[in-house]
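A short write-up of the structure that comes next.
The values are calculated or read from the model by the stated rules, or taken from the named source; none is laboratory data. If you're wondering where the values come from, they're calculated on a predicted model, not measured in any experiment. All Cβ positions, glycine included, derive from the backbone under ideal geometry; neighbour counts span all protein chains shown.
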């Protein structure tokens, strides 16, 4: 207790603080959801995708009440994103490598960091190959048209999903169970700018900051429920070198970060880059794609309810070469 402050005075002060903040805390409760089970408790008995409930049931009213954002898109941000969008349309085929990180609370409330390296080929808008290696997932992913195949290298099992018509559905299939949705999907859409700006109320240029000693235009795009930050090369190739998506209304303020390591634009990517051939001895498991309605929107805190459990994610033994990894 501070010197010269009586017990009665301190009690009165604490009660006043409680009266001020308790209503706000109670208002937040409907918007808060748990991350679900730990990464080791993610699959159903029948091998079906686990339901982890990230962001499920977040109230739009609660979001609106807790996020009073000044409306407005700064002209500099509009100009930067229009330029980025045009460059991505001009460069539909890319080899890339990136690092993603996110934190999940354990049973004791400690924030545990998980990291994955993702490398592969992208041919916008419909084709993708990803090789994933990290703390939770060791998998390969092929997408061609509306078919996605996910192969688990640890168990040599794979699932094939049909009817995957959007990048948001794809993200549900390749995000570790319980984690925030992987924010890579924006760059896989036919119109990346439209996807990035969905639900955005405020867009600001925060300055020129560095990523790996490279000057970048740092911008933030905010919706009522999420904040999306991008670091775009200030000169040269104008690539997105870093992206952070966060959900400030949810417990622990979850966030997902992507960092580009390598990005190479190519003229041609052979069909074989996206064709799945089952490895020797691989077992096929049943797979149902999440419905388009289940895919998260940027207006709400997204949900990874339908993401297949990491333990169930299909895989293969041979590891693909990632000479030059693509980047968005």
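Annotations
- Any hit, segment 170-179, residues being surrounded by fewer than 16 Cβ atoms within 10 Å (Cβ to Cβ) and over 19 Å from residue 84 (Cα atoms): no
- Qualifying residues in segment 282-298 (those that are closer than 25 Å to residue 121 by Cβ and either modelled with pLDDT of 90 or more or in contact with a strand residue (DSSP E or B) (Cβ under 9 Å, 6 or more places away or on another chain) (or both)) - the one surrounded by the fewest Cβ atoms within 10 Å (Cβ to Cβ): 284
- Subset of segment 238-254 that is out of contact with any helix residue (DSSP H, G or I) (no Cβ under 7 Å at 6 or more places or on another chain) and assigned to a loop (DSSP other than H, G, I, E, B) - its residue that is surrounded by the most Cβ atoms within 10 Å (Cβ to Cβ): 247
- Matching residues in segment 188-208 - criterion: being at pLDDT below 85, in contact with a strand residue (DSSP E or B) (Cβ under 7 Å, 6 or more places away or on another chain) and not in a helix (DSSP H, G or I): none
- Looking only at residues in segment 226-237 that are modelled with pLDDT of 90 or more and outside any strand (DSSP E or B), the one that is surrounded by the fewest Cβ atoms within 10 Å (Cβ to Cβ) is 234.
- Pairs where the first residue, in segment 158-174, is on the phi > 0 side of the Ramachandran plot and in contact (Cβ under 8 Å) with a residue 40 or more places away in the chain and the second is crowded, with 22+ Cβ neighbours inside 10 Å and in a helix (DSSP H, G or I), C-beta under 9 Å, 6+ apart: 163/169
- For segment 59-69, the criterion of being crowded, with 17+ Cβ neighbours inside 10 Å, under 17 Å from the mean Cα position of the chain (by Cα), within 29 Å of residue 224 (Cα to Cα) and at pLDDT below 90 is satisfied by no residue at all.
- Some residue of segment 127-134 being at pLDDT below 90, closer than 20 Å to residue 269 by Cβ and either more than 16 Å from the chain's Cα centre (by Cα) or buried (at least 17 other Cβ atoms within 10 Å of the Cβ) (or both): yes
- Residue 199, sole failed condition from (1) touching a helix residue (DSSP H, G or I) at 6+ places or on another chain (Cβ under 8 Å); (2) over 21 Å from residue 122 (Cα atoms): (1)
- Sole exception among (1) at pLDDT 50 or above; (2) under 22 Å from residue 198 (Cα atoms); (3) touching a strand residue (DSSP E or B) at 6+ places or on another chain (Cβ under 6 Å) for residue 328, by number: (1)
- Selection count, segment 162-187, where residues are under 19 Å from residue 198 (Cβ atoms), part of a loop (DSSP other than H, G, I, E, B) and out of contact with any strand residue (DSSP E or B) (no Cβ under 9 Å at 6 or more places or on another chain): 2
- Count of residues meeting criterion [surrounded by fewer than 23 Cβ atoms within 10 Å (Cβ to Cβ) and assigned to a strand (DSSP E or B)] in segment 82-99: 4
- Single condition residue 269 does not satisfy, out of (1) closer than 20 Å to residue 170 by Cα; (2) surrounded by 16 or more Cβ atoms within 10 Å (Cβ to Cβ); (3) modelled with pLDDT of 85 or more; (4) more than 22 Å from the chain's Cα centre (by Cα): (1)
- Residues satisfying the stated conditions in segment 145-161, i.e. in a strand (DSSP E or B) and surrounded by fewer than 18 Cβ atoms within 10 Å (Cβ to Cβ): 147
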